[in-house]
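One structure is given below, encoded as structure tokens.
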Amino acid sequence: MSQKTERPVLSGQRIKTRKRDEREKYDPTGFRDAVIAGLEKTEGDLDQISKYLDSAGNKLDYRRYGEVLFDILIAGGLLVPGGSISQDGEKPRTSYCIFDAPESMESMRNHEQVFVKLIRRYKYLEKMFEEEMGKVLLFVKGFTPSERIKLARMTALWLVNGSVPPNVLLVLNNEHLIKDGIALEFLLELFQTFKQEKGIAYLIQALKKGGLESKLMDFFPP
């Protein structure tokens, strides 16, 4: 029986490695730094921010770092458990984000368009944004009262335009958010904004669709 001979390996020839070893190191901080650098150049002009995000998606890995991108656009930097911003690096946060925007509905609607344009351009971000909101809403206790108001108003706008489904609000049915009245306060602000935008009938319809209609009393503190 003939033996299988080994193929010669040329000096300096690379030995193939498994795909997982070839993957680039996960580097959310590096991605954050690149996005913040780009946002800073816009000087807060929302049209310029949209243009930057549109073009940056061709260079930056939105598929891998989509939730990091939304962290930055909402809170200004990388969110860590509890709702605070990671302070790693020289420039850990930008002021060009929802949390640093004026509370007015005009301002909120203008910021809404940044997200609408971004997700319309990169459709694969839709699911990531839904997952992001599930995470961010769990962190509301760590945000300031003003940040909660802005997030509640923006969440209402995202519910109205279909960017997130109503059932994302179910994550607020959490003991640590209910006992201090934070969940209820957030929902009341959200409902008020939603009602102003689409009316009470549409709000009730959304609550039914999200499975919240029968759970509203659960959000009241004990």
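Considering only the range 106-118, I want to know if a residue exists there that is in contact (Cβ under 8 Å) with a residue 40 or more places away in the chain and over 25 Å from Val168 (Cα atoms).
As a first pass, look at the range 106-118 and keep what is in contact (Cβ under 8 Å) with a residue 40 or more places away in the chain: 108-118.
Checking which are over 25 Å from Val168 (Cα atoms) leaves us with none.
Scanning the range 106-118, I find no residue that is in contact (Cβ under 8 Å) with a residue 40 or more places away in the chain and over 25 Å from Val168 (Cα atoms), so the answer is no.
What is the residue count in the range 82-100 for residues that are in contact with an Asp or Glu (Cβ under 8 Å, 6 or more places away or on another chain), more than 23 Å from Gln113 (Cβ to Cβ) and surrounded by 14 or more Cβ atoms within 10 Å (Cβ to Cβ)?
Counting residues in the range 82-100 that are in contact with an Asp or Glu (Cβ under 8 Å, 6 or more places away or on another chain), more than 23 Å from Gln113 (Cβ to Cβ) and surrounded by 14 or more Cβ atoms within 10 Å (Cβ to Cβ) gives 1.
Of all residues in the range 41-72, how many are among the acidic types (Asp, Glu), part of a helix (DSSP H, G or I) and under 19 Å from the mean Cα position of the chain (by Cα)?
Result for the range 41-72: 3.
Quick test for you: out of Phe194, Phe186, pick the one residue that is farther than 26 Å from Ser86 by Cα and assigned to a helix (DSSP H, G or I). Even if it seems obvious, please write down each step before you answer.
Working: Phe186 fails: farther than 26 Å from Ser86 by Cα.
Every option except Phe194 fails the conditions.
Determine whether the range 65-73 contains at least one residue that is of a type in the set (Gly, Ala, Ser), touching an Asp or Glu at 6+ places or on another chain (Cβ under 7 Å) and more than 24 Å from Leu190 (Cα to Cα). Steps first, answer last, please.
Initial filter on the range 65-73 (of a type in the set (Gly, Ala, Ser)): 66.
Restricting the remaining residues to those that are touching an Asp or Glu at 6+ places or on another chain (Cβ under 7 Å) gives none.
The answer is no, given that none of the residues of the range 65-73 is of a type in the set (Gly, Ala, Ser), touching an Asp or Glu at 6+ places or on another chain (Cβ under 7 Å) and more than 24 Å from Leu190 (Cα to Cα).
Please work out if Arg23 is modelled with pLDDT of 95 or more and loosely packed, with under 15 Cβ neighbours inside 10 Å.
Working: modelled with pLDDT of 95 or more: no; loosely packed, with under 15 Cβ neighbours inside 10 Å: yes.
Judged against the criteria, Arg23 is not a match.
Would you be able to tell me the number of residues in the range 80-105 that are in contact (Cβ under 8 Å) with a residue 60 or more places away in the chain, under 25 Å from Asn161 (Cβ atoms) and in contact with a strand residue (DSSP E or B) (Cβ under 8 Å, 6 or more places away or on another chain)?
Restricting attention to the range 80-105, the residues satisfying the condition of being in contact (Cβ under 8 Å) with a residue 60 or more places away in the chain are 82-83, 89, 92, 105.
If we keep only those that are under 25 Å from Asn161 (Cβ atoms) as well, we get 83, 105.
Restricting the remaining residues to those that are in contact with a strand residue (DSSP E or B) (Cβ under 8 Å, 6 or more places away or on another chain) gives none.
Of the residues in the range 80-105, 0 are in contact (Cβ under 8 Å) with a residue 60 or more places away in the chain, under 25 Å from Asn161 (Cβ atoms) and in contact with a strand residue (DSSP E or B) (Cβ under 8 Å, 6 or more places away or on another chain).
For the range 164-222, how many residues meet the condition of being in contact (Cβ under 8 Å) with a residue 60 or more places away in the chain and within 19 Å of Gly134 (Cα to Cα)?
Count: 0.
I'm checking my understanding of the structure. Among residues of the range 160-180 that are out of contact with any helix residue (DSSP H, G or I) (no Cβ under 9 Å at 6 or more places or on another chain) and assigned to a loop (DSSP other than H, G, I, E, B), which one is surrounded by the most Cβ atoms within 10 Å (Cβ to Cβ)? First the steps, then the outcome.
Of the residues in the range 160-180, the ones out of contact with any helix residue (DSSP H, G or I) (no Cβ under 9 Å at 6 or more places or on another chain) are 162, 175, 179.
Subset that is assigned to a loop (DSSP other than H, G, I, E, B): 162, 179.
Working: Gly162: 9, Lys179: 11.
Only one residue tops the list, namely Lys179.
Name the residues in the range 76-119 that are under 14 Å from the mean Cα position of the chain (by Cα), among the aliphatic types (A, V, I, L, M) and in a loop (DSSP other than H, G, I, E, B), would you?
Leu78, the sole residue that qualifies.
Has the range 145-154 got at least one residue that is free of Cβ contacts under 8 Å to residues at least 24 places away in the same chain and closer than 21 Å to Pro102 by Cα? Working first, answer last.
So in the range 145-154, the residues free of Cβ contacts under 8 Å to residues at least 24 places away in the same chain come out as 145.
Still in the running and closer than 21 Å to Pro102 by Cα: 145.
Yes, because at least one residue in the range 145-154 is free of Cβ contacts under 8 Å to residues at least 24 places away in the same chain and closer than 21 Å to Pro102 by Cα.
Please verify whether Glu131 is in a helix (DSSP H, G or I) and within 12 Å of Ile74 (Cβ to Cβ), treating the condition exactly as stated.
Numbers: in a helix (DSSP H, G or I): yes; within 12 Å of Ile74 (Cβ to Cβ): no.
For Glu131, the condition - in a helix (DSSP H, G or I) and within 12 Å of Ile74 (Cβ to Cβ) - is not met.
The values are calculated or read from the model by the stated rules, or taken from the named source; none is laboratory data. What you see is a predicted model, and the numbers here were worked out from it, not measured in a lab. Note that we place each Cβ from the backbone using ideal geometry, even for glycine, and neighbour counts take in every protein chain shown.
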